[in-house]
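What follows is one structure encoded as structure tokens, with my remarks underneath.
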Amino acid sequence: MPESKKFLLRLNPRLFDALRRWADDDLRSINAQIEYLLTDQARRAGRLPKQSTRRAPREAPPDDLPDADTVTVSSRARASG
């Protein structure tokens, strides 16, 4: 991951307090909240690529694990026997 850029940001105290409360509500730092909001707006404006919602395919379960039906039938057989 590339190193983050650092710069000084001057904000109106009322805006800073609003961002601080919002960040607290979202369990983020003020810095993370500002970055989240800027990233979201940049994506909406078409300045950044949209976030991919595709996930990597899940691995197939190993063949030696019984499936759910086998486990249920085996459990019932033991309980009645």
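Coordinate-derived values only; no laboratory data. The model shown is predicted, which means the values in this text are computed figures rather than measured ones. No Cβ is skipped: glycine too gets one built from the backbone with ideal geometry, and neighbour counts run over all protein chains shown.
What is the packing order of peptides 1-8, 29-36, 41-48, taking the mean over residues of other C-beta atoms within 10 Å and listing the highest first? Don't skip to the answer; put the middle values down first.
On the way: 1-8: 4.6, 29-36: 14.2, 41-48: 10.6.
Going by the mean number of other Cβ atoms within 10 Å, highest first, we get 29-36, 41-48, 1-8.
Let me know the Kirkwood hydrodynamic radius for region 11-51, please, with Cα pairs as the basis and the value in Å to one decimal.
Working: mean 1/r = 0.0925 Å⁻¹.
Across region 11-51, the inverse of the average 1/r is 10.8 Å.
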